[in-house]
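The values are calculated or read from the model by the stated rules, or taken from the named source; none is laboratory data. Model, not experiment: these values are computed from the prediction. Don't worry about glycine lacking a Cβ; one is built from the backbone with ideal geometry, like all the others, and counts go over all protein chains shown. Ligands, DNA and RNA are stripped out before the accessible areas are found, and what is left, the full protein with its side chains, is counted by its heavy atoms. Shrake-Rupley method; radii C 1.70, N 1.55, O 1.52, S 1.80 Å.
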Amino acid sequence: MNTLSDNALMLKVKEGQNHNLGLLYERYKKRLFGFFYKMNKDARLSEDLVQNVFVRVLKYKHTFNEDSKFITWIFQIARNEMYDEYKKQKKNLHQDIDEVSYAITGNDTIDEKIEVLENSSTLKRALNMLSSEKKELLILSKFKELKYKEVGEIVGCTEGNARIKVHRAINELKSIFLTLEKQ
């Protein structure tokens, strides 16, 4: 069973073999948790949202199309779950992205280490200033390393449009970063 593709496993779940959902859960729980955690910085909420995604997978298994990729289908469900949670809470959640990790070697001087930490902090602040849509695009494309085609399917646009949106988000991030760096 471990050699079956995600799509093949989901088709078995769709046919009523719900025990196959456990394998999909094992394959995707960390990726989904990372997505939710980077969007809301709340580990407990992220765990709950991952569970809710798999409840929805069971509930909406009949909507899975064998021609689509499982990863884009499940991330669409994850997006919907995330937005439903935001609506339910009825408050503007401030989202955060983990700091970019830098490899600091033992050869670096203390000044270089301080500069790296300052840049990391500035980048984090810049990311927090982006709209949630742009942060989501960057998380999916850069942190979750999804292809533009997959990102487009998740957010409901073409591959080319997804590429343009990610490029614009990166440019805005650069602009904000440079502005913050000058302060």
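Structure summary
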read-out	value
Residue that is least open to solvent (accessible area, probe 1.4 Å), among those in the range 154-183 that are under 11 Å from Ala126 (Cβ atoms) and of a type in the set (Asp, Glu)	Glu172
Any hit, the range 63-82, residues being aliphatic (A, V, I, L, M) and in contact with an Asp or Glu (Cβ under 7 Å, 6 or more places away or on another chain)	yes
The range 55-74, subset part of a helix (DSSP H, G or I) and touching a Lys or Arg at 6+ places or on another chain (Cβ under 8 Å), residue nearest to Arg125 (Cα to Cα)	Lys61
Count of residues meeting criterion [assigned to a helix (DSSP H, G or I) and open to solvent by 10 Å² or more (accessible area, probe 1.4 Å)] in the range 136-153	8
Count - residues of the range 8-22 that are within 24 Å of the chain's Cα centre (by Cα) and surrounded by fewer than 17 Cβ atoms within 10 Å (Cβ to Cβ)	2
Residue tally, condition part of a helix (DSSP H, G or I), over 18 Å from Glu150 (Cα atoms) and out of contact with any Lys or Arg (no Cβ under 9 Å at 6 or more places or on another chain), over the range 161-183	7
Of all residues making up the range 133-165, the number that are hydroxyl-bearing (Ser, Thr, Tyr) and at pLDDT below 85	1
